[in-house]
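J.: My questions will all concern the structure given below.
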Amino acid sequence: MVMAASETKFHVLAVDDTLIDRKLIEKLLKTSSYQVTAVDSGTKALEFLGLNNNDHHDVEVNLIITDYCMPGMTGYDLLRKIKESSSFKDIPVVTMSSDNIPSRINRCLEDGAEEFFLKPVQLSDVNKLRPHLMKRRTQTNVNKRKSMDEIVSPDRARARYNELEVK
Amino acid sequence: MDFVNQLQRKFIDYSSSLHREGIVDDQFTQLRKLEDENSPHFVMEVASLFFEDCEKLINNMAIALEQKQGVDFKQIDECIHQLKGSSSSIGAMRVKNACIAFRSFSDAQNREGCLRCLQQLSHEYSLLKNKLQTLFLLEQQIVAAGGSIPRVH
């Protein structure tokens, strides 16, 4: 079965150390037609992405949504690691917390989080994710089209080659 | 058919009473709305997880408060934080409020106050568990009688 790019479900990686909240976010995401992988720690999230091994990553993750308060690696630590990674910095990250602490919220948003949701997360919050995902997909498609044009046109390739020779 | 209608009405009335008494709040309604053909027992499943979680945390706090050599209030605080979070996620309003009250005594490192709060918390938890189990039983009776659970709109 061939799926057009526009029909492929977005894949969201959800990170939360609490089982109940993990079940809840998973349900909310699936109800909104996302494919979901849920893990219980930042470390496992990085492993899933393939960040810990120097292997190339096999999985495509379109968005990461993470709890803030987690033992070991916090959601903020995870956010920083993602944004500092050359392979993954363009993946949108959303943080969540049951605590309404403005300095915490601002810090996450300033350091690259697209959104900050207060728990309990609602369906209306999950609806806010789509624009971030669509924006990335459109950008990726534009980039793909550009590079395909370059491959197809021999004249342009020759021109570039000439430029190189001149240099 | 009439029997099913009676059960359904009972279910609706009982459900309303839970909200009226503050046992559950709007978050519980939100969870209900997520139930569909793919996951008809979602609320029941989440509630079971919550019961397990709650019992474990209450137990841990009881043990922590018993320590003769000194109460680890940091541990108590962590338990309260977790319980407040999960009760909030499931919509267990009175349990959540009991946690909020508990927190102030834990912050003040007031052992006696904490013991009273823990008792209150246990009471609210028992109430919630009994009522939800009654609700879930009604659900099962409706389904067994061939009816459908009245859905929230």
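Derivation of every value follows stated rules applied to the coordinates shown; laboratory data play no part. Here the structure is a predicted model, which means the values were calculated and not measured. Methodologically, a virtual Cβ is constructed for each residue, glycine included, from the backbone with ideal geometry; neighbour enumeration extends over all protein chains shown.
J.: How far apart, in nm, are two points set 7 Å out from the Cα along the Cα-to-Cβ line at B:E52 and at A:K83?
T.: 3.6 nm
J.: Quote the FRET efficiency, to the nearest 0.05, computed for A:S124 versus B:H19 with a Förster distance R0 of 25 Å and r equal to the Cβ-Cβ distance. Mind dumping the intermediate values first?
T.: On the way: r = 20 Å, r/R0 = 0.81.
The formula returns an efficiency of 0.80 here.
J.: A follow-up question, please. Given 4 °C and 1.567 mPa s, compute D for the stretch A:11-125 with the Stokes-Einstein relation, Rh being the Kirkwood radius over Cα pairs; round to the nearest whole µm²/s.
T.: Values: Rh = 14.0 Å.
Rounded to a whole number, D works out at 93 µm²/s.
J.: Which value in Å is the Kirkwood Rh of chain B over different Cα pairs?
T.: 16.6 Å
J.: So for B:F73, A:F117, fewest C-beta neighbours within 10 Å to most, what's the order? Walk me through the numbers before you get to the answer.
T.: Numbers: B:F73 19, A:F117 22.
The fewest-first ordering by Cβ neighbours comes to B:F73, A:F117.
J.: Now, a different point. Applying a 10 Å radius around every beta-carbon, put B:41-52, A:82-93 in order of their mean neighbour count, most first. Write down the numbers at each step before the final one.
T.: Numbers: B:41-52: 18.0, A:82-93: 15.8.
In decreasing order of mean packing, B:41-52, A:82-93 become B:41-52, A:82-93.
J.: Let me spell out the model: positive unit charges on the Cβ of Lys and Arg, negative unit charges on the Cβ of Asp and Glu, origin at the Cα centre of chain B. What dipole size does that give, in debye rounded to 20? Intermediate values should be presented prior to the final figure.
T.: Values: 17 positive and 20 negative charges, 72 e Å.
It works out to roughly 340 debye.
J.: Going by how many other Cβ atoms sit within 10 Å of their own, how do A:C108, B:C79 line up, fewest first? Spell out each step's value before the answer.
T.: Numbers: A:C108 24, B:C79 21.
Going from least to most buried by this count: B:C79, A:C108.
J.: Same structure, new question: Fewest to most neighbouring Cβ within 10 Å: what's the order for B:I100, A:I101, B:I149? All intermediate terms of the calculation are to be shown ahead of the outcome.
T.: On the way: B:I100 13, A:I101 10, B:I149 19.
Ordered from fewest to most neighbouring Cβ atoms within 10 Å, B:I100, A:I101, B:I149 come out as A:I101, B:I100, B:I149.
J.: Per residue of A:116-122, what is the mean number of Cβ atoms on other protein chains within 10 angstrom of that residue's Cβ? Can you show the working numbers first?
T.: Details: counts 0, 0, 0, 5, 11, 2, 4.
Mean partner-chain Cβ count within 10 Å for A:116-122: 3.
J.: Relative contact order (percent) for chain B, with alpha-carbon contacts under 8 angstrom and 6 or more residues of separation? Working shown, then result.
T.: Values: 138 pairs, mean separation 50.5, N = 153.
Once divided by the residue count of chain B, the mean separation gives 33 percent.
J.: Evaluate the charge dipole of the protein assembly as shown about its Cα centre and quote only its size in Debye, nearest 20, assuming +1 on the Cβ of each Lys and Arg and -1 on the Cβ of each Asp and Glu. Could the numbers behind the result be given before it?
T.: On the way: 42 positive and 45 negative charges, 122 e Å.
In debye, rounded to 20, the protein assembly as shown gives about 580.
J.: Let me understand the stretch B:66-153 better: what is its radius of gyration from the alpha carbons, and its Dmax, in angstrom?
T.: In order Rg, Dmax, the Cα atoms of the stretch B:66-153 give 17.4, 58 Å.
J.: Given the stretch B:1-91 reduced to its alpha-carbon atoms as identical point scatterers, what log10 I(q)/I(0) does the Debye formula return at q = 0.10, 0.12, 0.17, 0.18 Å⁻¹?
T.: Log-scaled intensity ratios, in q order: -0.40, -0.54, -0.85, -0.91.
J.: Report the Rg/Rh value for the protein assembly as shown, based on alpha-carbon coordinates and the Kirkwood definition of Rh.
T.: Details: Rg = 24.8 Å, Rh = 22.7 Å.
With Rg and the Kirkwood Rh in hand, the quotient comes to 1.10.
J.: Residue by residue through B:66-76, how many Cβ atoms from other chains fall within 10 Å of the Cβ on average? If you can, show how the numbers build up before the last one.
T.: Details: counts 0, 0, 0, 0, 0, 0, 0, 0, 0, 0, 0.
The shielding value for this peptide is 0.
J.: Let me ask you something else. Obtain the nm distance between the two label points defined at A:K30 and A:K9 by a simple spin-label model: each point lies 7 Å from its Cα along the Cα-to-C-beta direction.
T.: Label at A:K30, label at A:K9, 0.8 nm between them.
J.: Over all residues in A:18-27, what is the mean tally of Cβ atoms on other chains that come within 10 Å of each residue's Cβ? Before the final figure, lay out each step's value.
T.: Details: counts 6, 6, 14, 6, 1, 5, 10, 1, 0, 9.
Per residue, the average neighbour count from other chains is 6.
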